[in-house]
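Every number in this text was worked out from the coordinates using simple rules, so none of it is lab data. Source: prediction; values computed, not measured. No Cβ is skipped: glycine too gets one built from the backbone with ideal geometry, and neighbour counts run over all protein chains shown.
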Amino acid sequence: MNQPTKILPILCAVAWASSAWAADSVETFDVVPTDENGDCFTNDDGECLIQQFPKELATGTGTWSIQPSLTFLYPTDPAVFYGTVDYSFNLKNDFGGDIGEIDPGDAIGLSGGMGFGINDRSSFSIGFSYKHGFETEQEGNKLNGTDYDIGQVLFGYSFRATQDTNVNLSVGVGTTDDAQDFELNLRVPTNFAL
């Protein structure tokens, strides 16, 4: 017996928060650049110039981010249509010194597409993803040219290799100037008992 098709809304209240580890909290080491004779480069006072480099690279932007999203699924055998809208609230942070307070600007994203079941172990998908980021502000002043638009056409294939393992391959092709030209992902999620 066929069941009536329904739109299934899914709300992800707080999807994630990004790391707040900033580059200014990283331990550095000094390097004295020299010319071909081994003499250091100097400033106007005759002092050797010293450059500082981080011992570790920062893994975040230095600000916190909260991203709620709303996803809709519309199942129609053998396809499933989906759509998502999300909004990233990027919180301000005061970095001190010459940098001061930075507000990286919020972002809004939309995506949608279709997943199609080939059989009980294989499926493919096609979709489109778009994200607009608003301008960054430094000390309350907007920084021109810091807004961005990222659009991608997405293609995916999934194969259930075993009861506990899937193989997922996805390809993204950028459609805007700010997007990556090409993105390739291979994931092998596996379930196992502890």
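Under 5 Å between amide H atoms, partner at least 5 residues away or on a different chain: which partners does Trp64 have, H built in plane at 1.01 Å?
Excluding prolines and chain starts, which carry no amide H, the hits are Leu91.
Whole-Hz Karplus ³J(HN,Hα) for the range 156-172, in order, using 6.51 cos²θ - 1.76 cosθ + 1.60 and θ = phi - 60°, x for Gly and Pro?
Karplus values, whole Hz, x for Gly and Pro: x, 9, 10, 9, 8, 5, 9, 4, 10, 10, 10, 10, 10, 10, 9, 10, x.
Expressed in nm², what is the orientationally averaged projection area of the convex hull enclosing the Cα positions of the range 77-117?
On the way: hull surface 15.5 nm².
Orientation-averaged projected area of the Cα hull: 3.9 nm².
Which loop-located GluC sites (Glu not before Pro) does the range 84-176 contain, where loop means any DSSP state but H, G, I, E or B and the Cβ has at most 10 other Cβ atoms within 10 Å?
Values: sites: Glu101, Glu135, Glu137, Glu139; in loops: Glu135, Glu139.
Taking the range 84-176 and a limit of 10 other Cβ atoms within 10 Å, the loop GluC sites (Glu not before Pro) found are Glu139.
Please list, by residue number, everything in the range 90-130 whose backbone N is under 12 Å from a paramagnetic label point 7 Å out along Cα→Cβ of Thr76.
What the label zone holds, given the 12 Å backbone N cut-off, is 114-115.
Please list, in chain and number order, the residues 5+ apart from Asn166 or on another chain whose amide H is under 5 Å from its amide H, with Hs placed from the backbone.
Ala161
Can you tell me the FRET efficiency between Met114 and Trp64 if r is taken as the Cβ-Cβ distance and R0 is 25 Å, rounded to the nearest 0.05? Mind dumping the intermediate values first?
Numbers: r = 34 Å, r/R0 = 1.37.
With a Förster radius of 25 Å, E is 0.15.
Using amide H atoms built 1.01 Å from N in the peptide plane, name the residues 5+ places from Asp106, or on other chains, whose amide H lies under 5 Å from its own.
Asn90, Phe134
First obtain the Kirkwood hydrodynamic radius of the range 104-194 from its Cα pairs, then insert it into the Stokes-Einstein equation at 20 °C and 1.002 mPa s, and state the resulting D in µm² per second as a whole number. Walk me through the numbers before you get to the answer.
On the way: Rh = 15.5 Å.
Approximately 138 µm²/s, per Stokes-Einstein.
In the range 165-180, which residues have a backbone nitrogen under 15 Å from the label point lying 7 Å from Phe128's Cα in the Cα-to-Cβ direction?
173-177
What is the Cα radius of gyration of the range 149-194 over 2.2 N^0.38 Å, N being its residue count? Kindly include the intermediate steps, with their values, before the conclusion.
Working: Rg = 14.3 Å, N = 46, 2.2 N^0.38 = 9.4 Å.
Relative to the rule-of-thumb radius for its length, the range 149-194 sits at 1.51.
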